[in-house]
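Working notes for the structure below.
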Amino acid sequence: MINVVVIFIILVFYDFQKFIRKKEPVRVFVLYSFFMAASLIVSLLLAAGKRPSSPSQWIEAALRRFGVLK
Amino acid sequence: MEKARISSIQMFLLLSGFLFGSTVILAPAQGAKNDAWLAMLLGGAGGVLLMGIYAAIASLNPSKTLVDILRERMGKVAGNIVAVLYIWYFIHLASLVLRNFGEFICTVTYPETPIVVVIGLFAVVLLYAVNSGIEVIGRISELLVPVIPLVVLIISLSLITVHDFTAFLPILENGIAPVLKAAFGFIAFPFGETVAFLMLFPHLNKKERLTKIVVSSAIISTLLGIMVFFRDTFVLGSDLIAHSTFIPHLTSLLIPGLNVESLVDINLLIGGGVKVSICVYAAARALSQVAGFDDYRKLSGAIFTFCVVLSIWLYENVLEMFNWATSIWPYYSVPLQIVVPLLLLLLSSKKKNKVSKADMKS
């Protein structure tokens, strides 16, 4: 769990200092934060052994609901 | 737009590397058992047609990426929404290939190493390649992709003494239905996945050669796939193939007095590397265009991080991965691989007809 947080802190710190130095627009920060936050949340849940239902399961359920799969 | 240019041979090798990708270890069309060669032949014909459609879209919209074409033909709002779906699709595809690679390496080569370490290290190398630009990926493919058929040839020739040339008989033992189903799967994986190249085709320096390049790489990949199938069937027999996970790897273990196991790893490293790089490049470029900034590199690191996490999150085990790839992936891919490209082709042709009629009147 701590390893995951440390890796993400290093990655975010490394990229954010580049973004700030180059004065990137807000949307770059927003998109970057979205991907990293989603990755961090899922990583922490996986590390804690609480695997959330995955996109593969959502897609499978959706295809079954539409009758594409039986 | 990025001003990078790639030559015809580089595009051909990128396409071929992408098509070989995970197919060199996963043996597509396996559902048709003995008749997989027939399914590959039919699927290959469909694949050539599908890739021809992608080439036609690119030819009708020269110097435009998939996102530009979507916005121009569907309008800005609808185009951006469909572009976001494609971004998700490319990220999902990259994650699937990363997982294939991780499962293979952790099953056969490094069973003690955690899968996240294998996938993470692979992703770091590929991130460097993607950030170096499409020209660099093209040059790497020029250097490495020719190794794939060479390795297939070495393994095939080394096993010539243990071949049973009647192992693929009888033909159509279970009827035509499993063949057609496997052929459909073979179109979706790997041919339909080349829709990602619509983000790359504008970089081709000689655009008039595009159709020729696309068709020749599809034909060569199909023939190589059929060759791998016959080799594996002649050596292992269809019963053993039906119960195996990584078939080409198992075949490579049977070479008398020679250990070429690592050559199969190299094949996956090259093919999978090209495929993941292209997918992440396409996703990052598309995202930068949708969000309205120039440099796709700004988000490539975040996308790769997400891909690594997604690849671990997607499946609980290797069996779930194989089941999903064969029974769900082809149906999930239809809208983005076939429906939207057909619609784009229709809209692009209509626009071109209008323009040529207007030119004739004036």
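Counting only helices (runs of 4 or more DSSP H) that sit completely within the range B:284-362, those holding 3 or more residues that are facing another protein chain (nearest Cβ under 9 Å) and more than 20 Å from the chain's Cα centre (by Cα) correspond to B:297-314. Screening B:Arg73 against (1) in contact (Cβ under 8 Å) with a residue 60 or more places away in the chain; (2) closer than 30 Å to B:Leu236 by Cβ; (3) more than 24 Å from the chain's Cα centre (by Cα) leaves a single unmet condition, (2).
Does B:Val309 fit the bill of being of a type in the set (A, V, I, L, M) and closer than 14 Å to B:Ser95 by Cα? Here the answer is yes, as B:Val309 does meet what is asked.
Among residues of the range B:42-69 that are free of Cβ contacts under 8 Å to residues at least 12 places away in the same chain, none has a beta-carbon under 7 Å from a residue that is of a type in the set (Lys, Arg) and in a helix (DSSP H, G or I) at least six positions away or on a different chain.
Answer yes or no as to whether B:Thr113 is out of contact with any Gly (no Cβ under 7 Å at 6 or more places or on another chain), of a type in the set (Ser, Thr, Tyr) and buried (at least 17 other Cβ atoms within 10 Å of the Cβ). Considered against the rule, which asks whether it is out of contact with any Gly (no Cβ under 7 Å at 6 or more places or on another chain), of a type in the set (Ser, Thr, Tyr) and buried (at least 17 other Cβ atoms within 10 Å of the Cβ), B:Thr113 comes out as no.
The condition of being surrounded by fewer than 19 Cβ atoms within 10 Å (Cβ to Cβ), touching a residue at least 24 places away in the same chain (Cβ under 8 Å) and within 25 Å of B:Gly133 (Cα to Cα) holds for only one of B:Thr211, B:Thr245, that being B:Thr211.
For the range B:179-197, indicate whether the set of residues that are surrounded by fewer than 17 Cβ atoms within 10 Å (Cβ to Cβ), of a type outside the set (Asp, Glu) and in contact (Cβ under 8 Å) with a residue 60 or more places away in the chain is non-empty. Yes, some residue in the range B:179-197 is surrounded by fewer than 17 Cβ atoms within 10 Å (Cβ to Cβ), of a type outside the set (Asp, Glu) and in contact (Cβ under 8 Å) with a residue 60 or more places away in the chain. In the range B:76-87, the qualifying residues are those that are touching a residue at least 12 places away in the same chain (Cβ under 8 Å) and more than 23 Å from the chain's Cα centre (by Cα), and the one that is surrounded by the fewest Cβ atoms within 10 Å (Cβ to Cβ) is B:Asn80.
For (1) closer than 16 Å to B:Val340 by Cα; (2) β-branched (Val, Ile, Thr); (3) more than 13 Å from the chain's Cα centre (by Cα), each residue gets a yes or a no:
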position: B:Ala182; (1), (2), (3): no, no, yes
position: B:Val195; (1), (2), (3): yes, yes, no
position: B:Thr211; (1), (2), (3): no, yes, yes
position: B:Val215; (1), (2), (3): no, yes, yes
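Rule-based calculations on the coordinates, nothing more; no lab input. Everything numeric here is computed off the predicted structure, so don't read it as measured data. Counting neighbours? That spans all protein chains shown, and the Cβs are built from the backbone with ideal geometry, glycine included.
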